[in-house]
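The values are calculated or read from the model by the stated rules, or taken from the named source; none is laboratory data. Owing to the predicted nature of the structure, the values given are computational and were not obtained by experimental measurement. So basically every Cβ, Gly included, is an ideal-geometry build from the backbone, and we count neighbours across all protein chains shown. The area values use the complete protein model at the heavy-atom level, side chains included, leaving out ligands, DNA and RNA. Shrake-Rupley method; radii C 1.70, N 1.55, O 1.52, S 1.80 Å.
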Amino acid sequence: MSADKERLDRAIIAMRVARELPAGSCVNLGIGIPTLVSMFVDDESVVFYHSESGVLNCGPLAEEGEEDIDLINAGGQFLQSVPGMAYFSSVDAFAMIRGGHVDVTVLGAHQVSANGDLANWMLPERGVGNIGGAMDLAAGADKVIVAMEHNDRSGNSKVVQECDFPLTGRGCVSLVVTDVAVMEPTPDGMVLREAAPGWTPAEVQEVTDARLIIPDNVAEYEV
Amino acid sequence: MTLERLDALSVARRAAAEIIPGSVVAVSGDWSIAVADLVREDKGVWFLRAGGTLSDLPINAADAGAILRGGNVDLSIVQAAQVDSRGSFAGYHATDYPGPQGHAGLIDLAGARRVVTVLPHNGADRAPNILDTLTLPPDGFRCVDTIITDVAVFRVADTGLTLTEVAPGWSAEDIRAITGTEVTVAPGLREMDFTVPPGKPPSKVYADGPSAIADLPDGATVFIDGFGGPGGMAHHLLVSLRDRGSRNLTIVSNTAGIARVVSFGTPPGRTAIDHSVLVENGQVAKAIASFPVSPSVSRPSEFELAYRRGEVDLELVPQGTLAERLRAGGAGIEAFYTPTGAGTLIAEGKESRVIDGREYILEHGLRADFALIRAHRADTRGNLVYRGTSRNFNAVMAPGARVTVVEVDQIVQPGELDPEAVVTPGIFVQRIVRRPDGFTGYE
């Protein structure tokens, strides 16, 4: 049964997403798998990382013992001070996001729907949640990539025909990268672009709630 | 014999007497700008000039407009071409600067708490400049409260003009004869005086946190800075507010206190100080926040526990919308349309509008009674410099509160901060406290 098939690990998801970041682009990485993406972007491509904590061109995390409480990313992790950084206020941080100056954001999600609706801020059973910068990123970034596990811990598909969790944004997701597949939400529905090694399109569909549109040329997951 | 009219310098000296020590004064037009040179530096007055300076700080046009609209200017002294009997004015424009652009800055100047105009009483052809009705396009509508001319001083009320002072040698009848509207003469009519009174501003530096927030009332709305971790959070002021015990507070902040449940480098055995100290003390009635609860369901914050018990209200706001609402409140913008949150729960009950095919929702500016913020260094005038990512919400919160209290590592004398590096101009800061030696963000 496909639910038990071997899946890619989180680092491979991050590695696949890294291929989507154009050289010289401005990128905002969310918490979780998205944070790992920067490990797989080579220095040559000069990606500018933006963090809504108020810093541009942020680099690697601080070494132990070198932490500075006045130098954090949006996930609250301590950053190294690197050449070329710029600090700014929260108003400027979000002017960059809503104003179309952030080219790509990579976010985690609870659910993504076939037409690109995103739900990632509240689990209904908790009754309260954190929006943080997610709604602004969903509304403002040129390209929203979701990086997540394909199914939750109970096995429910997070790639759904329609979201039933509270939405972060409508029709905003342009690419979904999971431990099983790479998919593209379109107005017509979720198109399967790549399947993980060893997975057939039919097996991907078996673990997916959304009805997948399966073209003839589904590629093997490229990393 | 022809009565002598005052020169521009004497008019400026009379106008300078209207200025209170430590206040923020916007000036426009040559007669008005001359006023700034007559006020001694130790009077601590901030002069906002149309060219883009706030005393010695360079500022851009957008910030200058925000300062004017945001209610931060105590007094505008505007050179007018005409004033009417109800206090509307047409600004003076140099002849080589015609057209509507010349009006833009003056219209914002009319938004100050108090507007004083300076002008020649009559034009070159002896036609009166003080009239029943303006013949030039107005720049300010019924906003002038005092008119200072080269022969007299008038106070403006809904009922018309009252003559309170005359230039040496002039009588009330002389003034009436050259004025284009009806004039009431004040019972205590005086001769104009040209001494510029000295004075010093009250100090902004407070001994400690408790004295700086001693008047923070129950029911107040309080901006609390910080992003989430210990950086950029005014821990000493937070503890001071807990000890003061003000209740029924509405707090506006990025989080509602998560540093205690997320380690953020907290030393073992210590507890991070955050909003939780207020929540567990029963002081918070409501939070307006973007990241109000712990990222981990299994480690709920004090706020989340109180929320589940129904003891506190929550207004959840996307982070960029929170930042912009704070900015708008401090800049005199009542509301704005943003695409963020359109089509989500956040949009429920809000006005929405499709502009150029995209949906936007209407969000309102936020203002507060107090802001408790953190910066790295302040000078005694309140100019602030931040450190690293700890600038984030601090700089945004300072303009929108009636009383902004800042906790800093170091207080220096004016001149020791590079004006090019100042992020928050001192007009947005009312009180300054130095973080006590040895104080940490942990208990």
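Calculate the length of the line joining the C-alpha centroid of segment B:218-252 to that of segment B:264-314, in whole Å.
First find each Cα centre; the distance between them is then 12 Å.
Sort B:Glu416, B:Glu41 from largest to smallest accessible area, using a 1.4 Å probe on the heavy atoms of the protein chains.
Of B:Glu416, B:Glu41, the descending order of accessible area is B:Glu41, B:Glu416.
Computed over the Cα atoms of segment B:8-191, what is the ratio Rg over Rh, Rh following Kirkwood?
Reported Rg/Rh, Kirkwood definition of Rh: 0.96.
Hey, with R₀ at 30 Å, roughly what FRET efficiency would A:Ala3 and B:Arg308 work out to, going by the Cβ-Cβ distance, to 0.05?
The formula returns an efficiency of 0.30 here.
In peptide B:115-124, how many Cβ atoms from other protein chains are near each Cβ within 10 Å, on average?
Across B:115-124, the average partner-chain Cβ count within 10 Å equals 0.
Top mean-square fluctuation among A:Val144, A:Val180, A:Val207, Gaussian network model of chain A, C-alpha springs under 10 Å?
Between A:Val144, A:Val180, A:Val207, it is A:Val207 that shows the largest mean-square fluctuation.
Using 7 Å Cα-to-Cβ label points, what is the B:Glu191/A:Glu222 separation (nm, one decimal)?
Here the modelled spin labels are 9.2 nm apart.
Quick one: ranking B:Thr338, B:Thr250 by accessible area, 1.4 Å probe, largest first, what do you get?
B:Thr250, B:Thr338
Compute, for B:His121, the solvent-accessible surface of its heavy atoms (probe 1.4 Å) with the complete set of protein chains present, and express it in square angstrom to the nearest 10.
Its accessible surface works out to 0 Å², give or take rounding.
Considering only B:Met397, B:Met192, B:Met233, give the residue with the highest GNM mean-square fluctuation for chain B, with springs between Cα atoms whenever their separation is below 10 Å.
Comparing B:Met397, B:Met192, B:Met233 in the GNM, the peak value goes to B:Met192.
Would you kindly state how much longer the chain becomes between B:Asp418 and B:Asp125 on full extension, computed as 0.36 nm times their sequence separation minus their alpha carbon distance, in nm to one decimal?
So the extension gain works out to 100.6 nm.
Taking each residue in B:333-345, count the Cβ atoms of any other chain within 10 Å of its Cβ, then average. What number comes out?
For peptide B:333-345, the averaged partner shielding equals 5.
Considering only protein heavy atoms, with the full assembly of protein chains and a 1.4 angstrom probe, order B:Lys200, A:Lys143, B:Lys43 by accessible area, largest first.
The residues order as B:Lys200, A:Lys143, B:Lys43, largest area first.
Across peptide B:33-40, what mean number of C-beta atoms from other chains lies inside 10 Å of a residue's C-beta?
Per residue, the average neighbour count from other chains is 0.
Roughly how many debye, to the nearest 20, is the charge dipole of the protein assembly as shown about its Cα centre, given +1 on each Lys and Arg Cβ, -1 on each Asp and Glu Cβ, and no other charges?
1600 debye
Using alpha carbons only, how many angstrom separate the centre of segment A:4-71 from the centre of segment B:9-35?
If you average the Cα positions of each part, the centres end up 54 Å apart.
Under a 1.4 Å probe, what is the accessible area of chain B per residue, stated in Å²?
Here the per-residue accessible area is 41 Å².
Given R₀ = 45 Å, FRET efficiency for B:His364-B:Ala8 by Cβ-Cβ distance, to 0.05?
Approximately 0.55, to the nearest 0.05.
Which entries in the list B:Lys286/B:Lys350; B:Lys43/B:Lys204; A:Lys158/B:Lys350 go over 24 Å, if you measure between the two C-alpha atoms of each?
Long pairs (Cα-Cα over 24 Å): A:Lys158/B:Lys350.
Mean residue ellipticity at 222 nm from the helices of the protein assembly as shown, using -39,500 (n - 2.57) per DSSP H segment of n ≥ 4 over the full residue count, to the nearest 500 deg cm²/dmol?
Result for the protein assembly as shown, helices only: -4500 deg cm²/dmol.
Using the Karplus equation 6.51 cos²θ - 1.76 cosθ + 1.60 (θ = phi - 60°), what ³J(HN,Hα) coupling, rounded to whole Hz, does each residue of segment A:101-106 give in order, writing x for Gly and Pro?
Per-residue couplings from phi come out as 9, 9, 6, 9, 10, 10 Hz.
For segment B:103-144 and segment A:198-219, compute the distance between their C-alpha centroids and round to whole Å.
73 Å
HN-Hα J couplings of segment B:201-215 from phi, Karplus 6.51/-1.76/1.60, θ = phi - 60°, integer Hz, Gly and Pro as x?
Each residue of segment B:201-215 in turn: x, x, 5, 8, 8, 9, 5, 6, x, x, 6, 6, 10, 4, 10 Hz.
In whole percent, and with a 1.4 Å probe on the protein chains, what portion of the accessible area of segment B:209-434 is carbon and sulfur?
The computed percentage sits at 45.
List the residues whose amide H sits under 5 Å from the amide H of B:Leu314, counting only those 5 or more places along or on another chain, with H placed 1.01 Å from N in the peptide plane.
Residues meeting the criterion, in which the H sits 1.01 Å from N, are B:Ala287.
Roll a 1.4 Å probe over the protein heavy atoms and report the accessible area of B:Thr195 in Å², nearest 10.
Surface accessible to solvent at B:Thr195 totals approximately 90 Å².
Using protein chains only and a probe of 1.4 angstrom, how many square angstrom of B:Leu68 are accessible, to the nearest 10?
10 Å²
Scan segment B:282-347 for GluC sites (Glu not before Pro) in coil per DSSP, keeping those whose Cβ has at most 13 other Cβ atoms within 10 Å, and list them by number.
B:Glu311, B:Glu334
Can you pull out the GluC sites (Glu not before Pro) in segment A:1-96 whose DSSP state is coil and whose Cβ has at most 15 other Cβ atoms within 10 Å?
For GluC sites (Glu not before Pro) across segment A:1-96 that sit outside H, G, I, E and B with at most 15 neighbouring Cβ atoms in 10 Å, the list reads A:Glu6, A:Glu63, A:Glu64, A:Glu66.
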